[in-house]
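Here is the structure we will look at.
Just so you know, all these numbers are worked out from the coordinates, no wet-lab data involved. What you are looking at is a predicted structure, and each value in this text was computed from that prediction instead of being measured. Because the Cβ atoms are built from the backbone with ideal geometry, glycine has one as well, and the counts that use them run over all protein chains shown.
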Amino acid sequence: MNLAYKILDTHLLEGQLKAGEEVLIKIDQTLTQDTTGTMVYLQLEALDITSLKTDLSVAYIDHNTLQLGFENADDHEFIRSIAEKYGIIYSKPGNGICHQVHLEQYSKPGCTLLGSDSHTPTSGGMAAIAIGSGGLDVAVAMAKGYYFMKVPKVYNVHLTGSLQNNASAKDVILTVLKKLTVSGGVGHIIEYTGDGVSSLSTTDRATICNMGAELGATTSVFPSDERTQEFLRQQGRECDYIPLSADQDALYDNRLAIDLNTLKPMVAKPHSPDNVVEITDVEGLKVNQIAIGSCTNSSYSDLMKVAKILDGKHIAPEVSLLISPGSNNIVSMLNENGAINSLIQAGARILEPACGPCIGMGQAPISNGISLRTFNRNFKGRCGTTSADVYLVSPETAAVSAITGILTDPTLFKIDTIKEPKRYHKLEHFTIEYSEFNHMIVPFKGPNIKDFPLKNELNLNYKGQTLLKVGDNISTDAIVPSTSKLLPLRSNIPELAKHCFINTKETFYDIAIASKGGFIIGGENYGQGSSREHAALVPLYLGIEFVIAKSFARIHKRNLINSGIVPFTFKNPEDYNDINENDVLDLKITTVDKNSTVTNNRTLKTYDVEFTGSSRDIEILKAGGYINYEKSN
């Protein structure tokens, strides 16, 4: 048995562990962050529970930390008060980025973790099955202790050798993205094996698992070995260590071999994480901004490498260098060993340990600028400047390029080996450990916090206008933009709806309101990227009941189902070409999973569409969404 199935097997509550089958698994831990957390906890309240069924649930504040008005502060207090009521651990603003903090303090080999953030698979670096999902799934996991999932296939990435010439873990995952693309992991867990695994630290592995989300994979996982034990010892959690690995004769559905000895520093060019080439193909590009950090590359070792490279040097005069540490524990250690001073003396700006620039929450580049970032996504406009180009690189490449002012191959520089500390700091006053349900607590709700929309039962005969037609790989950022101006509206669906598809079709909101709903037509991999269920809740609020696409990204398809919106696919993908915006479509559903047709009133052509999902998915859609389904069951 492979490692992924071993862990799933120990958590199996219902069903058969066979690819494509729906199973029910026990969830040990959950995490939320503040841009998705408010909706999660509104939905948790709607489930009317009196205790949590998880071993551990943590509410992190790490996204909306810029408090330009009352909205973000109100959200934080709402989440804190919910944590106090339900017995959830509360990670205060400034404690750090959820995935880095969770890796340091809570992740365990062999556990299951469900998070309302697409980069939850970071904990796969510690042999956890860590899955990013929509907020409603997380709410149900806290309330009921379980999660329904379609069993993925397992894609084996077999690593040999060890990294050379300043190549890094970031270059490993960029190489995988180059080979498999942003949709190559859909329907799979990526499992890493081979003798090359032992050369990678736990935080190296976490970096690789983190960006596995960009493959469209369900999650990624590494074995638990001596490197895992070493990391847990540094965190004072050696008691959490257990060795875990695949059987020697483990079976896999696909296999990719990578020789780490041969890897070279890589870069993902605009505007997709899989638009990957070697640094040497684009080196010499003049850069304006460099941002180091995010949940992908903000570990102690990452930032110590940067500090070593910059020690005694100065960044180029025209470059703005930003550093976002992953946790306040890391800040404390960098301050203690003098690394913070080295970074400041070189000309770096030290930001608080939060997501910040990665989600467009401040530090947008200049118009038409070039920004090198150690982040995980470079979708157009995500950085806050639509005209800017973002390139994804390793911390080593970023630091070296900050000195030269141009995109520079780090193999030209000598970089010292980093010695990990024997023990990490733990700043306990940034965490409030609520542990018991307290029904006396009345959660705080500010004026910006609005209830989430609920749908009525499924409409089997529907006539509506095609409000929007989009191409392949449309991201959730395109559906509901993530910027410093819009993130504070995440708790207010009616206001956020005014910005739905704003960068794709500026008049979309007005047309949807005037039409009282309609259809969205999409290409391949519709809804890739973030786990934000707002990309389903906002169209639901605008009256969208059906999205028809060539294919869907995993999390977004789940969010559509949970919201009561039917994600139909074309039986014949060529039918996509025959539909134009403003076409009026007649949809007739005999049963959800078959015999559904769409007639185009302009061409009078009829197209077959289908829904693929479990019998439970069908019942959820018939009920008008997961909340209605759970309440009726």
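Table for the structure above
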| quantity | calculated |
| --- | --- |
| Acute angle (nearest 10 degrees) that the helix 554-563 long axis makes with the longest principal axis of the chain, alpha-carbon atoms | 40 degrees |
| The stretch 266-412: antiparallel DSSP beta bridges as a percent of all, rounded to 5 | 25 percent |
| Spatially proximal aspartates and glutamates relative to residue 92 (Cα-Cα < 14 Å; intrachain offsets below 8 disregarded) | 34, 62, 74, 75, 77, 84, 352, 428, 433 |
| Gyration tensor (alpha-carbon) shape descriptor, the stretch 447-504, a/c threshold 1.5 | oblate |
| The stretch 144-212, relative contact order [Cα under 8 Å, separation at least 6], % | 51 percent |
| 29 Å Cα-Cα threshold exceeded, pairs from 153/179; 264/485; 170/313 | 264/485 |
| Selection of trypsin sites (Lys or Arg not before Pro), the stretch 4-111, meeting DSSP coil and at most 12 other Cβ within 10 Å | 18 |
| Of 611, 513, 547, farthest towards positive along the dipole that unit charges on Lys, Arg, Asp, Glu beta carbons give the stretch 461-628 | 513 |
| MRE, 222 nm, helices only [DSSP H, n ≥ 4, -39500 (n - 2.57), over the chain, to nearest 500] | -8000 deg cm²/dmol |
| For the stretch 393-399, 3J(HN,Hα) per residue [Karplus equation, 6.51 cos²θ - 1.76 cosθ + 1.60, θ = phi - 60°, Hz, x = Gly/Pro] | 9, 7, x, 5, 4, 4, 5 |
| Distance from the stretch 18-89 to the stretch 474-523 (C-alpha centre basis), Å | 24 Å |
| Charge dipole of the stretch 137-224 about the Cα centre (unit charges at C-beta), most positive-ward option of 165, 152, 181 | 152 |
| Whole-number D in µm² s⁻¹ for the stretch 403-543, Kirkwood Cα-pair radius fed into Stokes-Einstein, 25 °C, 0.890 mPa s | 125 µm²/s |
| Rounded Å value of the spacing that divides the Cα centres of the stretch 401-465 and the stretch 158-203 | 23 Å |
| Whole-Hz ³J(HN,Hα) from phi, Karplus 6.51 cos²θ - 1.76 cosθ + 1.60, for the stretch 162-167, glycine and proline x | 8, 5, 10, 6, 6, 6 |
| Shape box of the stretch 85-183 [Cα atoms, principal axes, largest first, Å] | 52, 35, 23 |
| Pairs beyond 26 Å (Cα-Cα), from 498/557; 450/498; 150/469; 380/469 | 150/469 |
| Cα-centred dipole magnitude for the stretch 187-296, charges only on beta-carbon of K, R (+1) and D, E (-1), debye, nearest 20 | 460 debye |
| Label-point separation in nm, residue 616 to residue 584, each point 7 Å along Cα→Cβ | 4.1 nm |
| Sites residue 165 and residue 352 - FRET efficiency at Förster radius 41 Å, r taken between beta-carbons, to 0.05 | 0.75 |
| Residues 318, 420, sorted so that the one with the fewest Cβ neighbours within 10 Å comes first | 318, 420 |
| Using alpha carbons only: equivalent-ellipsoid semi-axes of the stretch 461-628, gyration tensor based, whole Å | 24, 18, 14 |
| Mean separation of Cα contacts under 8 Å, 6 or more apart, over the residue count of the stretch 217-355: relative contact order % | 18 percent |
| Per-residue Cβ neighbour rank within 10 angstrom, fewest leading, 40, 277 | 277, 40 |
| Cut-off 12 Å between beta-carbons: net charge of the residues surrounding residue 2, Lys and Arg +1, Asp and Glu -1 | -2 |
| For the stretch 461-628, share of DSSP beta bridges that run antiparallel, in % to the nearest 5 | 55 percent |
| Förster radius 35 Å - calculated FRET efficiency between residue 438 and residue 245, Cβ distance, rounded to 0.05 | 0.25 |
| Total charge dipole magnitude, the stretch 58-145, about the Cα centre, Cβ charges on Lys, Arg, Asp, Glu only, Debye to nearest 20 | 340 debye |
| Eligible lysines near residue 144 by straight Cα distance, threshold 18 Å, same-chain separation 8 or greater | 26, 53, 85, 631 |
| Calculated FRET efficiency for the pair residue 427/residue 311, C-beta based, R₀ 22 Å, to 0.05 | 0.30 |
| Structure-derived mean projected area of the Cα convex hull in nm² - corresponding label in (1) 45.8; (2) 39.9; (3) 25.7 | (3) |
| The stretch 573-633: C-alpha gyration tensor shape, a/c 1.5 cut-off, then a/b vs b/c | prolate |
| Karplus 3J(HN,Hα) series, Hz, for the stretch 572-581 with 6.51 cos²θ - 1.76 cosθ + 1.60 (x for Gly, Pro) | 10, x, 5, 5, 3, 5, 8, 9, 10, 4 |
| Lys/Arg +1, Asp/Glu -1 at C-beta; the stretch 183-330 dipole; positive extreme among 319, 246, 196 | 319 |
| Residue exposure sequence - 76, 99, 439 - by fewest surrounding Cβ within 10 Å | 439, 76, 99 |
| Fraction of antiparallel bridges per DSSP, the chain only, in percent to nearest 5 | 40 percent |
| Relative contact order of the stretch 77-158, defined on C-alpha pairs under 8 angstrom at six or more residues apart (%) | 19 percent |
| Over the stretch 372-438: Rg over Rh, Cα atoms, Kirkwood Rh | 1.20 |
| Residue 584 long-range amide H proximity, modeled H, under 5 Å | 466, 601, 602 |
| Evaluated over the stretch 64-125, the Cα radius of gyration and Dmax, each in Å | 13.3, 42 |
| Cα-centred dipole magnitude for the stretch 266-412, charges only on beta-carbon of K, R (+1) and D, E (-1), debye, nearest 20 | 300 debye |
